[in-house]
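All remarks here apply to the structure that follows.
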Amino acid sequence: MDSNAQPRATAAAATARADGDANDLHEPSHRLYPIDANGIELMLGAMASAMALVSPRKSLNLYDYPIKYLSVTSAILFAYYAILAFAGIYCFKVPDRRNHQPRRSSLSSRGFAVLRMGAATLVAALAISLSFVLFGAPFASQHALTFMAALNVALLGVTPAILTLEPTPDAWKSALLHGAKSVPERWAAGFFWPTMLTCWLSASVIPLDWDRPWQKWPIPVVGGAFLGNLLGLLYVLLRCFILPLARADYAESERIKRDMVRGMAAGPSATVSKKRQ
């Protein structure tokens, strides 16, 4: 037997162990939940800033200055999405399976991602404003107000899907129509459907003869969109973050219990045999 074989094997094992430790720095904390959460605090902060504008103020409120108010809220939401898209921390970072490191992108690709997000959001806002007009929203006299309301709805409900889904019809159909299965699909559907449904339902109070100031266009629609986005945020945090972590922790605890039971069932004989070996 070669006398240098054992030192070489020991060195190889140490090198493999060091490589494994280096890879573990990029591995997620849970093996059953292979994604790392990012941007949750930024999302909560952006939603708090946007929702703070809902309270009426003398110089900025939706009742007296709707276009100014909607311009400020849309600017806050767009700046928030643009920062996260440029930094690449929106939704979840999925590690690259080949080198266990997050995918990196150049400054030009990040800038293009922000431009693509802005262009797609404008297209979505135009489509939503057209649907508003088809259902009776004022356009000839209040076209700017209708478009700003549609822009806010698009930022709240469609932009999250733009940032998380691939720009293909199949990806959008799979996420929004065929049942979301992956984390990006659940993230996109979790914001899209609550925002659109609450926006649609809240618009039903506009034609009622209650003569309330909050029935004026587009206050119910914008308020419903903000409410739906908040409900979607709670759903996404629960469905995409809290529950998977709880399941991973439960599975890990069950594995530890099974190992303990197997060790107790083996009895002291297994311990003595291991010591003799």
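The values are calculated or read from the model by the stated rules, or taken from the named source; none is laboratory data. Computed from a predicted structure; not experimentally measured. FYI the Cβ positions are ideal-geometry reconstructions off the backbone, even for glycines, and counts take in every protein chain you see. The accessibility values were calculated without ligands, DNA or RNA, using every heavy atom of the protein model including side chains. Shrake-Rupley method; radii C 1.70, N 1.55, O 1.52, S 1.80 Å.
Here the gap between R258 and L201, fully extended at 0.36 nm per residue and compared with their Cα-Cα distance, gives a gain of 15.5 nm.
Over the stretch 134-183, accessible surface divided per residue gives 50 Å², non-protein components excluded, 1.4 Å probe. With a Förster radius of 45 Å applied to the beta-carbon distance between I89 and Q215, the computed FRET efficiency rounds to 0.70. The fraction of accessible area contributed by carbon and sulfur in the stretch 125-216 is 68 percent, rounded to a whole number (1.4 Å probe; ligands and nucleic acids excluded).
At an R0 of 30 angstrom, the distance between the Cβ atoms of A75 and S131 translates into a FRET efficiency of 0.80.
Shape analysis of the stretch 106-190 places it in the oblate category; the axes a ≥ b ≥ c from the Cα gyration tensor give an a/c of at least 1.5, with a/b not above b/c.
Take the stretch 211-257 with all the other protein chains still there, run a 1.4 Å probe, and you get 53 Å² of accessible area per residue. With an a/c value of 1.5 or above and a/b larger than b/c for the gyration tensor axes a ≥ b ≥ c computed over the alpha-carbon atoms, the stretch 137-277 is described as prolate. Gain on full extension, evaluated as 0.36 nm per residue between A266 and S108 minus their Cα-Cα distance, stands at 50.8 nm.
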